[in-house]
Ligand code: PEP
Ligand code: MN
């Protein structure tokens with residue numbers, strides 16, 4: 001697929017799983033210093049330090065970020081921790097300033113990813129500049145928009161790229177601030193080979209409870225790192241106070257996560273190969289059965305054509321849905337899966353039969 005440089009090749013000494021931590025916002029030089037000191041004290045030094053300098057707030061009136069001044073404080077991080085720094089850029093002037101202050105890695109936030117104008121504007125500033133950029137998913141679960149932002153950066157020569165999964169806005173789901181959708185980063189990885197995706201549990205949960213569970217899920221799915229908002233006094237943070245954790249808590253969390261070995265680029269062991277062969281065989285059988293099913297569907301179609309019957313009959317459809325779904329549930333398949341599977345099979349069946357009817361119609365002159 002499109003060649004790009006993975007995190008280990010960014011020239012910053014980073015490895016995966018990449019651990020990114022730091023406050024939601026840079027507030028004061030003392031705050032930055034205190035966070036760094038505590039990270040050192042508890043021996044929880046992230047690989048990359050994050051700090052929001054310009055804050056895209058949903059409503060005006062809350063803290064909108066300290067601005068350029070905060071970029072100067074990044075020296076404090078370099079002095080105490082000697083690690084690279086990442087900040088969010090939301091427009092061209094942010095990008096210019098971040099370059100001026102030699103920020104090591106940029107990230108584009110969810111509210112910016114949705115806006116191709118803003119992404120392009122940032123990309124133009126970065127044309128020909130050698131700097132890694134991480135792109136958060138857009139607010140809405142739109143893979144094209146996410147890919148589009150990565151492509152805009154790639155097209156101007158930014159080849160050190162990664163993505164960040166921070167969940168999606170969902171008005172109806174109160175468990176999360178931004179609901180995770182794990183199939184989205186997996187789709188992205190399928191579409192763009194080698195694209196690494198960092199998980200941001202902080203913006204997914206919006207609160208401290210549940211951060212660890214989200215982080216563990218991300219590792220189970222094979223995501224490539226974690227970005228966790230960290231503050232020495234979370235309750236007093238100027239933004240996202242509810243979701244930030246102390247460096248000590250971060251350390252506890254990271255040490256209790258079961259980091260899995262990435263299967264990517266690895267030769268599967270014998271047992272895994274045997275099991276996969278069994279799955280291959282079952283898939284072949286599944287395809288044979290589907291072929292047989294559609295042969296019968298075509299025969300039904302021919303019958304409907306012969307007798308001038310319509311394709312769809314709602315009672316029959318209801319019966320198919322209900323009986324198969326409950327049989328599926330009895331076999332420990334989820335209701336959601338059964339419904340999606342049946343919709344998919346039924347839609348294809350209806351389309352095939354409608355095509356049969358159309359093909360049989362005399363051409364009207
Ligand atoms: C942030 O990381 O502080 C932030 C604003 O995140 P998001 O773009 O995911 O809302
Ligand atoms: Mn935040």
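The values are calculated or read from the model by the stated rules, or taken from the named source; none is laboratory data. In this text the structure is predicted, and so the values were computed from the model without any measurement. All Cβ positions, glycine included, derive from the backbone under ideal geometry; neighbour counts span all protein chains shown.
Check whether at least one residue in the stretch 52-70 is more than 16 Å from ligand 1 (Cβ to nearest atom) and in contact with a helix residue (DSSP H, G or I) (Cβ under 8 Å, 6 or more places away or on another chain), and report yes or no. Outline the logic, then answer.
At the first step, the residues of the stretch 52-70 found to be more than 16 Å from ligand 1 (Cβ to nearest atom) are 61, 68-69.
Narrowing further to those that are in contact with a helix residue (DSSP H, G or I) (Cβ under 8 Å, 6 or more places away or on another chain): 68.
Yes: one or more hits.
I'd like to verify a number: residues in the stretch 117-139 that are modelled with pLDDT of 95 or more and either within 16 Å of ligand 2 (Cβ to nearest atom) or not in a helix (DSSP H, G or I) (or both), how many? Lay out the reasoning, then the answer.
Narrowing the stretch 117-139 to residues modelled with pLDDT of 95 or more: 117-127, 129-139.
Subsequent filtering for residues that are either within 16 Å of ligand 2 (Cβ to nearest atom) or not in a helix (DSSP H, G or I) (or both) retains 127, 129-139.
Residues in the stretch 117-139 being modelled with pLDDT of 95 or more and either within 16 Å of ligand 2 (Cβ to nearest atom) or not in a helix (DSSP H, G or I) (or both): 12 in total.
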Considering only the stretch 300-347, how many residues are under 30 Å from the mean Cα position of the chain (by Cα) and either in contact (Cβ under 8 Å) with a residue 24 or more places away in the chain or not in a helix (DSSP H, G or I) (or both)?
-> 4
Sole residue being under 22 Å from the mean Cα position of the chain (by Cα) and within 16 Å of ligand 2 (Cβ to nearest atom), chosen from 264, 229 | 229
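So which residues in the stretch 19-37 are over 17 Å from residue 82 (Cβ atoms) and more than 15 Å from ligand 2 (Cβ to nearest atom), if there are any at all? Show your work before the answer.
Residues of the stretch 19-37 over 17 Å from residue 82 (Cβ atoms): 23-31, 34.
Result: 28, 29, 30, 34.
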Kindly establish whether residue 110 is away from ligand 1 (no atom under 12 Å from the Cβ), assigned by the TED database to the domain that holds residue 198 and within 25 Å of residue 84 (Cα to Cα).
-> no
Considering residues that are part of a loop (DSSP other than H, G, I, E, B) and either modelled with pLDDT of 95 or more or within 16 Å of ligand 1 (Cβ to nearest atom) (or both), the number found within the stretch 178-193 is 5
Out of all the residues in the stretch 58-67, is one or more part of a loop (DSSP other than H, G, I, E, B), away from ligand 2 (no atom under 16 Å from the Cβ) and crowded, with 17+ Cβ neighbours inside 10 Å?
-> no
Mind checking whether some residue in the stretch 92-105 is at negative phi, assigned to a strand (DSSP E or B), at pLDDT 95 or above and within 16 Å of ligand 2 (Cβ to nearest atom)?
-> no
Tally of residues being farther than 23 Å from residue 224 by Cβ and within 16 Å of ligand 2 (Cβ to nearest atom) across the stretch 38-56 | 4
Identify all residues within the stretch 223-239 that are in contact with a strand residue (DSSP E or B) (Cβ under 9 Å, 6 or more places away or on another chain) and either closer than 18 Å to residue 39 by Cβ or surrounded by fewer than 21 Cβ atoms within 10 Å (Cβ to Cβ) (or both); write none if there are none.
-> 225, 226, 227, 228, 229, 230, 231, 234, 237, 238, 239
Got a number for residues in the stretch 278-302 being under 15 Å from residue 355 (Cβ atoms) and surrounded by 11 or more Cβ atoms within 10 Å (Cβ to Cβ)?
-> 6
Does the stretch 155-177 hold any residues that are assigned to a loop (DSSP other than H, G, I, E, B), farther than 23 Å from residue 226 by Cα and either within 16 Å of ligand 2 (Cβ to nearest atom) or touching a helix residue (DSSP H, G or I) at 6+ places or on another chain (Cβ under 9 Å) (or both), and which are they?
-> 156, 157
Inspect the stretch 35-54 for any residue being buried (at least 22 other Cβ atoms within 10 Å of the Cβ), in a loop (DSSP other than H, G, I, E, B), more than 27 Å from the chain's Cα centre (by Cα) and in the same structural domain as residue 260 (by the TED database) and give the result as yes or no.
-> no
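Being surrounded by 15 or more Cβ atoms within 10 Å (Cβ to Cβ) and within 14 Å of ligand 1 (Cβ to nearest atom) narrows it down to one residue among 87, 125; which is it? Before you say what the answer is, go through the steps one by one.
Numbers: 125 fails: within 14 Å of ligand 1 (Cβ to nearest atom).
Checking each option against the conditions leaves just 87.
Would you check if residue 114 is under 20 Å from residue 12 (Cα atoms) and away from ligand 2 (no atom under 15 Å from the Cβ)?
On the way: under 20 Å from residue 12 (Cα atoms): no; away from ligand 2 (no atom under 15 Å from the Cβ): yes.
In short, no.
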